[in-house]
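The values are calculated or read from the model by the stated rules, or taken from the named source; none is laboratory data. Here the structure is a predicted model, which is why all the values come from computation and not from measurement. All Cβ positions, glycine included, derive from the backbone under ideal geometry; neighbour counts span all protein chains shown. Note: accessible area is taken over every heavy atom of the protein model, side chains too, but ligands, DNA and RNA are not part of it. Shrake-Rupley method; radii C 1.70, N 1.55, O 1.52, S 1.80 Å.
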Amino acid sequence: LTETGFEVVLSSRTNRDLIAAGIDETACEPCFPVKVAHGHVRDLAKRKDLDYIFLPTVVDMPRASDDIVNSYVCPYVQSVPFMAPAAMPDVDWAGRLRRPIIHFSRGPEWVTRELVNFAAGLGVGRRRARRAVAEAYAAQQRFAESMKARGREVLASLGPDDTALVIISRPYNGCDPGLNMNIPEKLRDLGCLAIPMDMLPLDEVDISREHPHMYWKYGQKILAAARIIAHDRRLYPVYITNFGCGPDSFIMKYVGAELQGKPCLVLEVDEHSADVGAITRCEAYLDSLKAVRGRDLRVEKRLRVAKMDYSRKTLGKRTVYIPYMDDHGYAMAAAMRAGGVDARQMPMSDEETIAWGRKYTSGKECYPCIITTGDILRQIHSPGFDPNRSAFFMPTAFGPCRFGQYNKFQRIMLDELGLEDVPMVLLDQDKDFQGDVANLGADFRKLAWSGIVFVDCLQKILRETRPYEVHKGECDQIYEKYLRRCEEVIEARGGLVALAREARREFAAVRTDRSRPRPKIGLVGEVFVRCNQFTNHFMVRKIEALDGEAILPPFEEWVNYIAWSRITDSKMDRQYRRLVVEWITDFVQRREKYRILDEFRGAVRQFFDEPPSDHVIDRARPYLDPSVRGEPILSMGRCVEYVEAGCDGVVNLHPFNCMPGTIVNALLAKFQKDFDMPVLKVAYDGLRQATEMIRIQAFMHQCRERFESRLKKMGNGAGIGGAVAAATSRGREPPL
């Protein structure tokens, strides 16, 4: 920026006032550094003498190895340029806020194009901008080399009996005294040398074999640092993290394995941390090191690569158990059985699931990980379980949220339980998708897709009919009947068109009373919690019991989006063969989809045909850029669609401390202001909240008021409005 002629003004140094301002600004509960980032944005926004505020969306960083796919920064960091402005509606951002999208992983030439285009928007010539980017890269390289040289110098100065502490952290923690309570200086006052991990030769360590799915850049660096520390008797780690750090909830377990027995001090810093407590813990850690100094504590412990756990031949001899997410799992299991793989959908999660999951997790992992882990453990401890004839299914991805780490975490858990020979069967949603699908049977993809479309339609017509049925329970019986028959047809490799026609006729025959319309409530959120009724405390049924009609995105939405992501990446990487495969697959799937969907035409009243991902993403662009991958952009796009469809409220369902869910909560502040729409944000962690039902009732009251107001404006009103008010006065509650 300086090379292009701009005067650069930095926000103030992190201090108590700035931290307090950031905490006040956040419209959600992200990690401590993101709260502080809000304070820095506010610090710049209140200055009237600035022409522009530079707030780039840094999607990823340079890759450590070609064998590691992706080098994302965490979703919070990617989304700060959108979360912070949404939390500050009093600021006039027009013309001042500049948010270039930067992909460092794609190399200098790609980044140069991104920054040259950004500079052109500020009136800077392309040639001058290119020279500026080249100088910036050179300056960064000089800094990195001088830092590593200083690290070599420090390590060389240590004697064989000396001890040094390596600060393991992300730079916005380890390098900001306002965020790390000045831990490095405190350690120096205690007579101990502290070395930033970036001074270690991290680029000389290859972690790709043990951690091919470590798709966070700082996770890669942290694990490389841990491996160096494990093999140097003079070095010990001090890990600075934060409450609610999503990546660290998994990375710290991997670090423990990499350290191979070496003790590690973990300091979790947030706005409530006190200097005295940090000093006490540092002193205790240094005292403990006196007892182990000079001893070889290493315990050889290698982490296995889950992708090598199974083959097509292996699957033919085992039963593959699928943790429950939604009823679509029954169709997927049937599609596997049709291809010769004995697959079983595990039953819906329950309290036993939570008990097992909490026993084998730290509590820092996201709730779906705890639930799926608990389902696996429940199955392992069920009567008749045979580890020699069993395997567990787990979809995976390459970031940026924590979902892609579940299978690695669960692989470690199975190994620790002595079940090393029980495979984890993966279905990668990204790079290895085609190969993983082929492993599950020749027609698995077609059959599973047909089942997903059928179950989506079945659930839509169920939710549109059940609130109005005269004989309670009739719709549920029909739904269960056709869900079971769907399994039978798929396993027999049959078509679902005739079954769809029959299901539609039977739902149409249900006696209903639609004389009293209900407000429609749109649900969004993290896909697992949104779909798994047990984890969201049966939110749909609660809405129906409070005289509402619930609308959920179909599972097809997520399938379409991951296909959109693969197509987008194929275009960016110029992988044209892969692109052609995706296009052909999309053509075939659309043809199969409409064969089933047409049988429900006219029976499903709203959101009959799921729009392409581009449509949903376009609706979300005022709130988030598509470069920030994952559920937030789908949730925000769907919220706008709910407004267009005449819904009267939006509910965001997400796990506690879920990064995508928290991002959506932040962006909903702007959405709520834009559309004057009641919004309910509900986080789940497996515990019952005493106020949950009160919050839902209050929310539904707001939705009914909005609904009545809309009806009166349409001129329909007093009769229907009175009926809704009468229903409200009855105060009916669903069973908890």
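Quick rundown of the values:
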read-out: Sites Asp176 and Lys571 - FRET efficiency at Förster radius 45 Å, r taken between beta-carbons, to 0.05; value: 0.75
read-out: Potential extension, Glu488-Glu3 segment - 0.36 nm per residue separation minus Cα distance; value: 167.8 nm
read-out: Inter-centroid distance (Cα atoms) of segment 692-707 relative to segment 186-226, Å; value: 49 Å
read-out: For Arg511, net neighbour charge (Lys/Arg +1, Asp/Glu -1) across residues whose Cβ lies under 9 Å away; value: -3
read-out: Accessible area (Å², per residue) of the chain, counting only protein heavy atoms and a probe of 1.4 Å; value: 42 Å²
read-out: Rough spin-label spacing in nm, given labels placed 7 Å along Cα→Cβ, for Ala509 and Lys713; value: 4.2 nm
read-out: Carbon + sulfur, % of accessible area of segment 54-172 - ligands and nucleic acids excluded, 1.4 Å; value: 54 percent
read-out: Segment 9-96, relative contact order [Cα under 8 Å, separation at least 6], %; value: 27 percent
read-out: Theoretical gain in end-to-end length, Arg126 to Arg113 [0.36 nm per residue, Cα-Cα removed]; value: 3.7 nm
read-out: Highest-first arrangement of 669-676, 241-248, 639-646, where packing means the average Cβ count within 10 Å; value: 241-248, 639-646, 669-676
read-out: Net charge contributed by nearby residues that have their C-beta within less than 12 Å of Ile633 (K/R +1, D/E -1); value: -1
read-out: Phe608 accessible area, 1.4 Å probe, all protein chains in place, Å² to nearest 10; value: 30 Å²
read-out: Gyration tensor verdict on segment 19-176 (Cα atoms; rounded if a/c is under 1.5, prolate if a/b is larger than b/c, oblate otherwise); value: oblate
read-out: Only Lys, Arg (+1) and Asp, Glu (-1) charged, at Cβ; the chain dipole about Cα centre in debye; value: 940 debye
read-out: Theoretical ellipticity at 222 nm over the chain - DSSP helices of four or more residues, -39500 (n - 2.57) apiece, nearest 500; value: -16000 deg cm²/dmol
read-out: 13 Å beta-carbon shell around Gly39, net charge (K/R +1, D/E -1); value: -1
read-out: Förster radius 51 Å - calculated FRET efficiency between Gln689 and Lys290 (Cβ-Cβ, nearest 0.05); value: 0.65
read-out: Per-residue SASA entry for Trp216, accessible area with 1.4 Å probe, Å² rounded to 10; value: 10 Å²
read-out: Largest-first ordering by accessible area, 1.4 Å probe, given options Thr319, Thr691; value: Thr691, Thr319
read-out: Sites Gln697 and Asp24, calculated FRET efficiency, Cβ-Cβ separation with R0 22 Å, nearest 0.05; value: 0.15
read-out: Met252 - accessible surface, heavy atoms, 1.4 Å probe, Å² rounded to 10; value: 50 Å²
read-out: Separation between Cα centres of segment 374-440 and segment 567-639, rounded to whole Å; value: 27 Å
read-out: For Tyr239, residues with placed amide H under 5 Å, excluding near neighbours; value: Ile168, Leu265, Val266, Leu267
read-out: Potential extension, Leu419-Asp206 segment - 0.36 nm per residue separation minus Cα distance; value: 73.9 nm
read-out: Listed peptides 116-122, 516-522, 498-504 by packing density, highest first (mean Cβ within 10 Å); value: 516-522, 498-504, 116-122
read-out: Anisotropy class of the chain from Cα gyration tensor, a/c 1.5 cut; value: prolate
read-out: Furthest towards positive pole of dipole, Ile490, His701, Met659, structure part the chain, Cβ charges; value: Ile490
read-out: For a label point 7 Å along the Cα-to-beta-carbon line of Arg96, residues of segment 45-63 with backbone N under 16 Å; value: 45-56
read-out: 24 Å Cα-Cα threshold exceeded, pairs from Lys317/Lys364; Lys46/Lys673; Lys408/Lys446; Lys221/Lys262; value: Lys317/Lys364; Lys408/Lys446
read-out: Pairwise centroid distance, computed over Cα atoms, of segment 66-123 with segment 1-46, Å; value: 16 Å
read-out: Among beta bridges that DSSP assigns inside the chain, antiparallel share in %, nearest 5; value: 5 percent
read-out: Which of Ile101, Ile412 is most accessible, then next, and so on - probe 1.4 Å; value: Ile101, Ile412
read-out: Of the DSSP H helices in the chain, those whose Cα atoms cover at least 27 Å axially and whose Kyte score averages 0.0 or more; value: 444-465
read-out: Ordering of 382-394, 20-32 by burial proxy (mean other Cβ atoms within 10 Å per residue, highest first); value: 20-32, 382-394
read-out: Rel. contact order, % - alpha carbon contacts under 8 angstrom, at least six apart, segment 1-151; value: 20 percent
